[in-house]
Amino acid sequence: LADVEEADPVRVMMQDMLIMLQSGHMLAGRDFRLCREGIFFNSFRQFYNVWSSYLSTARTRPPHSITTMKEYVIKSGLLDYKTIRFNIHDTPKGYVLPYDRLESPTLKSYIVDSMFKAEQITLEEHRAIMQGDEQEDSSEF
């Protein structure tokens, strides 16, 4: 008998996000914007619709409705709802997926590398972000 577990929908969404970014299904500037804190979405619907669109290419549906997924994601503490300043005239309020809350080091490094390539962060900031988790852990001991 196969031991079947229901997958955590938020974790599944994050695994799909890495695939969507790497495959070019999810594009910076169109589906999200990169900011110093991580990935910025104008609305949760935008976040969910990108995922739904990706799943439709495989002829599958998201495991839950937008309302249910929003509850899961908010309860998981993955997204922050806040105002982000991109420049003087552009300070929208929306959902931020902080890179430091990502379980996948591959997804985190992909996002931070993209920020560096887009010249949104310096090489020093890139190094500090990528080494930040290790330094925080070692400073506790």
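Bear in mind these aren't lab numbers, they're just calculated from the coordinates by the rules spelled out. Computed from a predicted structure; not experimentally measured. Note that each Cβ is placed from the backbone with ideal geometry, even for glycine, and that neighbours are counted across all protein chains shown.
Brief remarks on what is shown
- Lysine pair count for the chain (Cα-Cα distance under 18 Å; residues 8 or more apart in sequence or on different chains): 4.
- Where only C-alpha atoms are counted, convex hull volume of the range 1-112 per residue in Å³: 118 Å³
- Difference of contour (0.36 nm per residue) and Cα-Cα distance, SER52 to LYS117: 20.6 nm
- Antiparallel bridge percentage (DSSP; both residues within the chain; nearest 5): 90 percent
- Largest GNM mean-square fluctuation among ASP90, ASP80, ASP113, using the chain with Cα springs under 10 Å: ASP90.
- Pair ARG11, ILE88: separation of 7 Å Cα→Cβ label points (nm): 4.8 nm
- Crossing angle, helix 9-23 versus the chain [Cα axis fit, 0-90 degrees, rounded to tens]: 70 degrees
- Temperature 37 °C, viscosity 0.692 mPa s: under these conditions the Stokes-Einstein estimate for the range 70-110, based on its Kirkwood radius over C-alpha pairs, is 282 µm² per second.
- Angle between the chain longest axis and helix 66-76 axis [Cα atoms, degrees, rounded to 10]: 50 degrees
- Loop-located trypsin sites (Lys or Arg not before Pro) in the range 31-98 (DSSP state other than H, G, I, E, B) with a sparse environment of at most 11 neighbouring Cβ atoms within 10 Å: ARG59, ARG85.
- Using alpha-carbon coordinates, inclination of helix 123-139 to the longest axis of the chain, degrees: 80 degrees
- Take the Cα of ASP100, step 7 Å toward its Cβ, do the same at SER23, and the gap between the two points is 3.2 nm.
- Every helix of 4 or more DSSP H residues in the chain counts as -39500 (n - 2.57), and over all residues that averages to -16000 deg cm²/dmol at 222 nm.
- Chymotrypsin sites (Phe, Trp or Tyr not before Pro) lying in DSSP loop within the range 34-122, provided at most 14 other Cβ fall within 10 Å: PHE86
- Top of SER56, SER114, SER43 by mean-square fluctuation, Gaussian network on the chain, Cα under 10 Å: SER56
- Once both labels are positioned 7 Å from their Cα atoms along Cα-to-Cβ, the gap between TYR81 and ARG36 label points is 2.4 nm.
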